[in-house]
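In what follows, a single structure is set out as structure tokens and then discussed.
The values are calculated or read from the model by the stated rules, or taken from the named source; none is laboratory data. Because the structure is a prediction, the values reported are computed rather than measured. Neighbour counts run over all protein chains shown; Cβ positions are idealised from the backbone, glycine included.
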């Protein structure tokens, strides 16, 4: 649905003015207005003033003036409560569909800050509620709730306070360009690794794995990212040295592959099953490749490889 012109203009101004991963709140980026409770408070102040005028009662008139001054003072107190606060968006953690993506902030202030909350103005957010900072620096987390896989931008976060007495709304924005992913929800299924050997530019030979074709050639020092299943635990128990078994044989050039086309079900079901298989293959220490429609990830292992596979499944 197209937004009205004035809302489009406001969004454009906010995006231009607040696009950053860090913001220090000052006079040019803090907005202050009376809250709904503050408007009711002003209405009662006006009623007291009318009653005081009609009955010529100075005491009631004095109360109405005090209420007005309290509302005006609240606007200044609310502004100075957030003035000088620095907010840094450190990271937005990718997560699986149905779980929270945590946005981590560092909130810094040289003074006490009361009733500070940070919520996503673009996505559903649990946010931070009534976060009172009585230390110069504090780390906080805002949880984003997204139900659809994909690649997202951090979007617009709203920094808000209703101090004092809830009579005012004081807020600002932080519009981030950080990206994060919502991975498909893992669906438990059998691990179905195949061996793929390139025979040309457009053909592959798929076969079930057969380690019997390998020939043991020796031991070599373990390095991060190597297949953990090939660690020689007997040598480790004896010499406390991590060594891995090295094989050569007829399966040279063959890699274990998770193939989208060989998984049954709808698109989302296939991606969920592949997500589970990626995690399971990594847990078992396999070095594997991932074949998706129009995209192929070369065989590897380790944390970076798993993240690359999960991100590709999110964008598929």
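If you check residue 200 against the conditions, is it modelled with pLDDT under 60, under 31 Å from the mean Cα position of the chain (by Cα) and not in a strand (DSSP E or B)?
It is false that residue 200 is modelled with pLDDT under 60, under 31 Å from the mean Cα position of the chain (by Cα) and not in a strand (DSSP E or B).
What about residue 290, is it part of a strand (DSSP E or B), at pLDDT below 90, in contact with a helix residue (DSSP H, G or I) (Cβ under 9 Å, 6 or more places away or on another chain) and not assigned by TED's automatic domain parsing to the domain that holds residue 146?
no
Could you look through region 302-316, keep only residues that are out of contact with any strand residue (DSSP E or B) (no Cβ under 8 Å at 6 or more places or on another chain) and assigned to a helix (DSSP H, G or I), and pick out the one that is nearest to residue 231 (Cα to Cα)?
Start the filter on region 302-316 by keeping residues that are out of contact with any strand residue (DSSP E or B) (no Cβ under 8 Å at 6 or more places or on another chain), which leaves 302-304, 306-307.
Still in the list and also assigned to a helix (DSSP H, G or I): 303-304, 306-307.
On the way: 303: 18, 304: 21, 306: 20, 307: 23 Å.
Applying the filter and picking the extreme gives 303.
Looking at region 67-78, can you tell me whether even one residue there is surrounded by 12 or more Cβ atoms within 10 Å (Cβ to Cβ), closer than 30 Å to residue 178 by Cα and assigned by TED's automatic domain parsing to the domain that holds residue 113?
yes
Suppose we keep only residues that are part of a strand (DSSP E or B) and surrounded by 20 or more Cβ atoms within 10 Å (Cβ to Cβ) within region 161-170. Which one would you say is farthest from the chain's Cα centre (by Cα)?
Filtering region 161-170 for residues that are part of a strand (DSSP E or B) and surrounded by 20 or more Cβ atoms within 10 Å (Cβ to Cβ), the one farthest from the chain's Cα centre (by Cα) comes out as 168.
Conditions: (1) in contact with a helix residue (DSSP H, G or I) (Cβ under 8 Å, 6 or more places away or on another chain); (2) exposed (fewer than 12 other Cβ atoms within 10 Å of the Cβ). Residue 34 meets all but one. Number of the miss?
(2)
Determine which member of the set 281, 299 is outside the structural domain of residue 151 (by TED's automatic domain parsing), in a strand (DSSP E or B) and at pLDDT 75 or above.
Result of the check over 281, 299: 299.
Somewhere in region 105-114, is a residue under 30 Å from residue 314 (Cα atoms) and either assigned by TED's automatic domain parsing to the domain that holds residue 170 or in a helix (DSSP H, G or I) (or both)?
Within region 105-114 (the criterion being under 30 Å from residue 314 (Cα atoms) and either assigned by TED's automatic domain parsing to the domain that holds residue 170 or in a helix (DSSP H, G or I) (or both)), the answer is yes, since at least one residue qualifies.
From 12, 86, which residue is free of Cβ contacts under 8 Å to residues at least 24 places away in the same chain and closer than 28 Å to residue 180 by Cα?
Selected residue: 12, the only one of 12, 86 that is free of Cβ contacts under 8 Å to residues at least 24 places away in the same chain and closer than 28 Å to residue 180 by Cα.
Inside region 225-275, can you point out the residues that are surrounded by 14 or more Cβ atoms within 10 Å (Cβ to Cβ), assigned to a helix (DSSP H, G or I) and at pLDDT below 65?
228
Please verify whether region 40-60 includes one or more residues that are in a helix (DSSP H, G or I) and in contact with a strand residue (DSSP E or B) (Cβ under 9 Å, 6 or more places away or on another chain).
Scanning region 40-60 turns up at least one residue that is in a helix (DSSP H, G or I) and in contact with a strand residue (DSSP E or B) (Cβ under 9 Å, 6 or more places away or on another chain).
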